[in-house]
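What follows is one structure encoded as structure tokens, with my remarks underneath.
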């Protein structure tokens with residue numbers, strides 16, 4: 001993202017998304033060589049985050065804060081950013097046809113920055129093909145699961161491993177990868193990784209065990225070059241004593257369909273959890289506190305769901321009054337309306353489905369009676385308040401829902417860094 005110290009540890013981020021995994025490695029002291037991401041909005045988010053780190057390094061963050069406050073345009077912001085910074089964000093779909101050009105860009109960065117070797121490759125192919133929802137989508141698109149092209153994206157990952165031979169790699173994905181195609185997908189992945197010279201270990205990890213206030217189970221594959229003494233770190237569970245409300249309560253009340261335009265918050269009012277994890281700092285500008293325009297019927301339902309949660313109960317769809325029901329199917333997705341568990345020490349998994357509707361992520365405050373805002377979703381995922389997401393509201397929700405929580409990523413990165421130093 002900026003001129004690198006060639007004695008520092010570095011990484012390449014594949015299928016980078018909005019950069020949650022990358023953010024953890026940056027916070028742990030790694031330097032990025034490149035990010036590869038096919039989605040345009042997510043790539044722009046990565047570019048903007050690159051600008052943040054560059055301006056932070058040269059102590060010129062006031063330009064970034066002006067952009068967040070909408071005082072200057074994105075074009076004006078990037079007049080202060082060298083082309084070498086944005087060059088490291090490669091907006092391209094990975095395929096056998098595009099890889100040569102992607103390799104050329106990365107090779108030029110390595111040459112220009114005099115990088116001796118790649119220390120770590122991180123990332124994970126889009127997980128939709130391995131998730132239950134993704135499998136359903138394949139059937140709806142009349143694509144047999146075995147023929148879904150997303151199944152083959154892991155081969156792109158191994159092509160990078162083969163070319164750059166990093167000391168270690170981190171591969172994140174949904175648990176469904178282990179059982180997709182009756183286990184064939186994972187078997188093929190292991191064979192490919194072994195073929196390009198890596199030993200691996202795979203474990204299911206839950207974000208809540210890394211200090212995140214969210215139940216989020218994913219598989220984390222960690223690999224190391226054969227013949228080295230590296231290994232899968234032993235992550236000791238480190239659950240927080242905070243509650244989900246500690247992520248939300250200092251943010252201003254926002255009505256449905258509105259955006260809070262108070263860019264500054266009273267730092268003294270934020271929780272210890274936010275401070276300790278550097279999600280909020282005194283200088284941060286609050287952005288993306290945008291609520292979708294929930295209709296009157298949904299607001300009535302939301303109120304019922306919030307009240308039920310306060311009583312320690314849940315309301316399934318079939319128990320709603322008939323006049324509030326709009327779906328004939330009352331047996332599937334019975335918990336389609338769900339509150340974010342503010343009084344608990346972890347909420348349910350934040351999903352990219354937030355881009356479509358917020359019924360599964362209702363704010364726990366009865367006074368607000370709406371689905372969560374983009375910024376609230378980002379906080380549940382432990383993105384810092386100074387993380388700016390590009391794109392439409394839906395695109396921002398999708399980027400956040402697909403991300404690895406940065407706090408979790410930082411713990412993984414720190415453990416790997418200890419092995420490599």
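Structure data summary
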| read-out | value |
| --- | --- |
| Gaussian network model of the chain, Cα within-10 Å springs - most flexible of 56, 97, 226 | 97 |
| R0 of 25 Å, Cβ-Cβ distance residue 238-residue 344: FRET efficiency to nearest 0.05 | 0.90 |
| Gain in span if fully extended, residue 230 to residue 8, counting 0.36 nm per residue against the direct Cα distance | 78.1 nm |
| Inter-label distance, nm, simple model (7 Å from Cα along the C-beta direction), residue 276/residue 187 | 4.5 nm |
| Full-stretch length increase - residue 101, residue 336 - with 0.36 nm per residue and alpha-carbon distance subtracted | 80.2 nm |
| Among 59-70, 162-173, the order from most to least packed when residues are scored by Cβ within 10 Å on average | 162-173, 59-70 |
| Gyration tensor (alpha-carbon) shape descriptor, the stretch 284-355, a/c threshold 1.5 | prolate |
| Helix-only mean residue ellipticity at 222 nm for the chain, each DSSP H run of n ≥ 4 adding -39500 (n - 2.57), per residue, nearest 500 | -10000 deg cm²/dmol |
| Calculated FRET efficiency for the pair residue 366/residue 264, C-beta based, R₀ 25 Å, to 0.05 | 0.40 |
| Ellipsoid semi-axes in whole angstrom, largest first, where each is sqrt(5λ) of the Cα gyration tensor of the stretch 205-346 | 34, 25, 15 |
| Rounded tilt (10° steps) of 406-420 against the dominant C-alpha axis of the chain | 20 degrees |
| Scaled radius of gyration (Cα, divided by 2.2 N^0.38 Å) that the stretch 76-127 gives | 1.35 |
| Set of the stretch 202-235 residues, backbone N closer than 15 Å to the point 7 Å along the Cα-Cβ line of residue 418 | 210, 230-235 |
| Kirkwood Rh and Cα Rg combined as Rg/Rh, the chain | 0.96 |
| Relative contact order (%) - criterion: Cα under 8 Å, at least six apart; region: the chain | 19 percent |
| Compactness of the stretch 1-92 as Cα Rg over 2.2 N^0.38 Å, two decimals | 1.03 |
| GNM result for the chain, Cα springs below 10 Å: residue of 119, 246, 201 fluctuating most strongly | 201 |
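Where a number appears in this text, it was derived from the coordinates with a stated rule and is not lab data. These numbers were taken from a predicted model, which means no experiment stands behind them. When we count neighbours, we look across all protein chains shown, and the Cβ atoms used for this are built from the backbone with ideal geometry, even at glycine.
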